[in-house]
Amino acid sequence: MRRLSAALLLLLLTRPLLAQRTGDQAKITLGITGGLVTGGALWAIDGQPYTPTGAAQADTLSLARSLSTSFTFGLTSSYYPTCSGSAARPAAG
């Protein structure tokens, strides 16, 4: 019974190794993305005191940031080459 258990355990432990012995295959992935960016006001700061260099009198400055509406598109690709060399090949047997 002990030998049968040991043989079964050995078979179960080597099973994943046998599944890993498939040949290498190159893989390529392609992707397409698209979207819509909606515009709007992001922030605004009104009436900030500002004195230019060499000026005798102060002035005020207003700052604002906004986005315009636009479309966005993207293409992506990734290539995973096969692993070549003796280290990548499974041992015979």
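The values are calculated or read from the model by the stated rules, or taken from the named source; none is laboratory data. This one's a predicted model, so the numbers in the text were calculated from it and none came from an experiment. Please note: Cβ atoms are built from the backbone with ideal geometry, for glycine as well, and neighbour counts cover all protein chains shown.
Restricting to segment 39-67, give me the number of residues that are in a strand (DSSP E or B), loosely packed, with under 10 Cβ neighbours inside 10 Å and not aromatic (Phe, Trp, Tyr). It would help to see each step written out before you state the result.
Taking segment 39-67 as the starting set, the residues that turn out to be in a strand (DSSP E or B) are 40-50, 59-67.
When the remaining residues are screened for being loosely packed, with under 10 Cβ neighbours inside 10 Å, the result is 40-43, 46-47, 49, 60, 63, 65.
Okay, now just the ones that are also not aromatic (Phe, Trp, Tyr), so 40-42, 46-47, 49, 60, 63, 65.
Number satisfying all stated conditions: 9.
From the residues in segment 56-80 that are out of contact with any Phe, Trp or Tyr (no Cβ under 8 Å at 6 or more places or on another chain), at pLDDT 85 or above and not polar (S, T, N, Q), which one is farthest from Leu42 (Cα to Cα)?
Just the residues of segment 56-80 that are out of contact with any Phe, Trp or Tyr (no Cβ under 8 Å at 6 or more places or on another chain), to begin with: 56-57, 62-63, 66-80.
Keeping just the survivors that are at pLDDT 85 or above gives 57, 62-63, 66-80.
Next, only the ones that are not polar (S, T, N, Q) stay: 63, 67, 71, 73-75, 79-80.
Numbers: Leu63: 11, Leu67: 7, Phe71: 18, Phe73: 23, Gly74: 25, Leu75: 28, Tyr79: 39, Tyr80: 41 Å.
Among residues in segment 56-80 that are out of contact with any Phe, Trp or Tyr (no Cβ under 8 Å at 6 or more places or on another chain), at pLDDT 85 or above and not polar (S, T, N, Q), the one farthest from Leu42 (Cα to Cα) is Tyr80.
Let me confirm something: among Leu30, Leu9, Leu36, which residue is surrounded by 10 or more Cβ atoms within 10 Å (Cβ to Cβ) and either within 33 Å of the chain's Cα centre (by Cα) or at pLDDT below 85 (or both)? Before the answer, list the steps.
Working: Leu30 fails: surrounded by 10 or more Cβ atoms within 10 Å (Cβ to Cβ); Leu36 fails: surrounded by 10 or more Cβ atoms within 10 Å (Cβ to Cβ).
Among Leu30, Leu9, Leu36, only Leu9 is surrounded by 10 or more Cβ atoms within 10 Å (Cβ to Cβ) and either within 33 Å of the chain's Cα centre (by Cα) or at pLDDT below 85 (or both).
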**Request:** Please list, ordered by first then second residue, the pairs with beta carbon atoms under 7 Å, 6 or more apart or interchain, first in segment 22-44 and within 11 Å of Ser66 (Cα to Cα), second part of a strand (DSSP E or B) and among the basic types (Lys, Arg).
**Result:** Leu42/Arg65; Trp43/Arg65
